[in-house]
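The values are calculated or read from the model by the stated rules, or taken from the named source; none is laboratory data. These figures come from a predicted structure and were not determined experimentally. Positions of Cβ are backbone-derived with ideal geometry, glycine not excepted, and every protein chain shown enters the neighbour counts.
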Amino acid sequence: MRSSRMIPPARVLLPLLLLLAAGCTDAYKPVIIVHGIFDGPKELETLSGFIEEAHPGTEVILIDLLNYRSSMEPMWKQVDKFGKVIQSIMQRSPEGVHLLCFSQGGLICRGVLSLIPNHNVHTFIALSSPLAGQFGDTDYVSRVFPDRAKTKVYVFCYNKLGQKLSVCGYWKDPHHTSAYLRHNIFLPLLNGEKPHSNMKEWRENFLRIKKLVLIGGPDDGVITPWQSSHFGFYDCEENVVEMKNQEFYVKDTFGLQTLDARGDLSVCVQSGVKHVEWHSNFTVFTTCMEEWLV
């Protein structure tokens with residue numbers, strides 16, 4: 001009789017279980033997703049579904065902004081617009097948020113993280129993003145520059161007019177490095193390849209993240225070289241120089257080496273995944289993303 005009185009009645013037990021369940025749900029931080037070039041939120045719905053299934057109750061926000069053709073607007077303009085939306089989400093999420101950004105979106109998110117001084121982004125996942133630049137003849141580049149081989153794109157990109165096109169903001173021709181540094185107003189600043197007065201502040205802002213996750217693979221077909229998704233890039237002879245041998249890593253210009261030394265850098269390589277499949281591949285999600293989105 002004594003032991004039976006120790007068991008709470010159903011009318012007490014049920015509310016307790018509901019409270020515990022609510023507590024578990026609240027443990028998942030909101031996930032903000034930013035699309036890539038020529039994309040919109042619709043293309044990321046499968047990925048959103050993966051997150052909601054793995055972590056029930058997670059608030060997943062697919063930012064509906066600068067979609068499709070509008071995704072070709074200048075990079076700093078996109079950083080500003082996405083930054084305002086992301087900042088408003090962070091303000092109502094004091095427990096912190098995760099930032100999951102695909103392709104060109106990864107560079108936009110890097111810009112946002114560099115410029116916002118008190119952001120509360122916990123994990124930043126760059127999903128197949130040209131983080132160290134882009135230099136290759138791909139379907140995407142052909143859509144923007146139908147009459148130009150990769151060796152000629154710099155002529156259009158490295159001037160004031162060209163820099164109004166998003167792709168030109170991260171087009172990095174290894175055969176014209178001086179022109180890239182002189183005329184490109186986005187990536188050289190973001191990577192700290194071209195010194196500027198905001199470098200220290202941007203570095204401090206970026207280092208507020210708790211985890212950086214880099215995802216990419218050899219069969220991507222768009223990000224060129226594919227190692228750019230892991231901060232690798234070509235030298236002047238088009239040999240790939242890996243991340244740890246890049247000058248911006250060695251000099252730690254924006255905090256990449258510091259994140260690595262802290263143990264807060266995760267690199268995930270997946271073969272057999274085409275560029276447009278990264279956000280709908282369940283194996284990529286479970287292997288490279290799921291554990292960080294809690």
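A few remarks follow.
- Those residues of segment 175-206 which are among the hydrophobic types (A, V, I, L, M, F, W, C) and either closer than 14 Å to TRP76 by Cβ or more than 22 Å from the chain's Cα centre (by Cα) (or both), in sequence order: ALA179, LEU181, ILE185, PHE186, LEU187, LEU189, LEU190, TRP202
- Selected residue (only one of LYS194, LYS244, LYS274, LYS200 is of a type in the set (D, E, K, R), on the phi < 0 side of the Ramachandran plot and in contact (Cβ under 8 Å) with a residue 24 or more places away in the chain): LYS274
Residue-by-condition table, conditions (1) among the charged types (D, E, K, R); (2) over 12 Å from ILE108 (Cβ atoms):
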position: GLY40; (1), (2): no, yes
position: THR46; (1), (2): no, yes
position: GLU59; (1), (2): yes, yes
position: TYR68; (1), (2): no, yes
position: MET72; (1), (2): no, yes
position: MET75; (1), (2): no, no
position: PHE82; (1), (2): no, no
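- Applying the condition of being in contact with a Gly (Cβ under 7 Å, 6 or more places away or on another chain) and under 22 Å from ILE215 (Cα atoms) to segment 72-102 and asking which residue is surrounded by the most Cβ atoms within 10 Å (Cβ to Cβ) yields PHE102.
- Annotation: of all residues in segment 103-139 being among the polar types (S, T, N, Q) and more than 12 Å from the chain's Cα centre (by Cα), the one that is surrounded by the fewest Cβ atoms within 10 Å (Cβ to Cβ) is ASN118.
- Pairs linking a residue in segment 28-56 that is closer than 23 Å to ILE209 by Cβ to a residue that is aromatic (Phe, Trp, Tyr) and part of a loop (DSSP other than H, G, I, E, B), with Cβ atoms under 8 Å and 6 or more positions apart or on different chains, are HIS55/TYR28.
- Count of residues meeting criterion [out of contact with any Gly (no Cβ under 9 Å at 6 or more places or on another chain) and among the aromatic types (Phe, Trp, Tyr)] in segment 228-265: 2
- Selection status of GLU43, surrounded by fewer than 18 Cβ atoms within 10 Å (Cβ to Cβ) and either at pLDDT below 95 or of a type outside the set (S, T, N, Q) (or both): no
For every residue, the table says whether it meets (1) of a type in the set (S, T, N, Q); (2) surrounded by fewer than 19 Cβ atoms within 10 Å (Cβ to Cβ); (3) at pLDDT below 95; (4) in contact with a Ser or Thr (Cβ under 6 Å, 6 or more places away or on another chain).
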| position | (1), (2), (3), (4) |
| --- | --- |
| GLN227 | yes, no, no, no |
| TYR234 | no, no, no, no |
| VAL250 | no, yes, no, no |
| CYS268 | no, yes, no, no |
| LYS274 | no, yes, no, no |
| THR283 | yes, yes, no, no |
| MET289 | no, no, no, no |
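- Residues (surrounded by fewer than 21 Cβ atoms within 10 Å (Cβ to Cβ), over 22 Å from ASN67 (Cβ atoms) and in contact with a Pro (Cβ under 8 Å, 6 or more places away or on another chain)) located in segment 163-198: LEU181, LYS194
- One residue from ASP235, ASP264 being touching a residue at least 60 places away in the same chain (Cβ under 8 Å), of a type in the set (D, E, K, R) and touching a strand residue (DSSP E or B) at 6+ places or on another chain (Cβ under 6 Å): ASP235
- Reported count of residues in segment 232-265, each being in a strand (DSSP E or B) and under 19 Å from HIS175 (Cβ atoms), is 4.
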